[in-house]
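Working notes, beginning with the structure itself.
Values quoted throughout were computed directly from the atomic coordinates according to the rules given, and no laboratory measurement underlies them. Small disclaimer: the values here were computed from a predicted structure and weren't measured. Cβ sites come from the backbone with ideal geometry, for glycine too, and all protein chains shown count toward neighbours.
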Amino acid sequence: MRPKTIKVLNAVYTIDYHDTLELNDEPAYGICDYDKKIISIATGCHELIMRETILHELIHAIDLEYHIDTADDEHVADCYAAAFIKTFADNKGLADYLGIK
Ligand SMILES: [Zn+2]
């Protein structure tokens, strides 16, 4: 089931799903609106791309809420999103050990 909200520290981000998205007149898979606390996700792509995009946008939200200060660094968000998905896929018991259900 696709998440409708994601809590990040004390903020709750609403996840909105759209057939297509545009950012600066270019097609986009996802957008994180920091002010409105809305993560928009394009649904017109493969489910795995959607999952990685949600994680990518979540990393932007974590950057902001935890004051990590790499917000808007697309390369960092892409790398962490891909790395977390692959690491948890390659280590099936890790999420349970960490208390992630
Ligand atoms: Zn991004």
Amide H to amide H under 5 Å from residue 17: which residues, 5+ apart in sequence or cross-chain, H placed 1.01 Å off N in plane?
41
If you fit an axis through the alpha-carbon atoms of helix 47-65 and take the longest principal axis of the Cα set of the chain, what angle between them do you get, 0 to 90°, nearest 10?
90 degrees
The range 15-62 and the range 74-88: distance between their alpha carbon centers, rounded to Å
15 Å
Based only on the alpha carbon positions, what is the Kirkwood hydrodynamic radius of the chain, in angstrom?
14.2 Å
Rounded to the nearest 0.05, FRET efficiency between residue 36 and residue 79 (Cβ-Cβ, R0 22 Å) equals 0.25
Considering only DSSP beta bridges with both partners in the chain, what is the antiparallel share in %, to the nearest 5?
65 percent
Per the rule of 0.36 nm per residue minus the C-alpha distance, extending residue 7 to residue 26 adds in nm 4.0 nm
Compute the angle between helix 74-90 and the longest alpha-carbon principal axis of the chain, please, reported from 0 to 90 degrees and rounded to the nearest 10.
40 degrees
Could you go through the range 34-42 in sequence order and give the Karplus-derived ³J(HN,Hα) for each residue, using 6.51 cos²θ - 1.76 cosθ + 1.60 with θ = phi - 60°, rounded to whole Hz, and x for Gly and Pro?
5, 5, 8, 6, 10, 9, 9, 10, 7
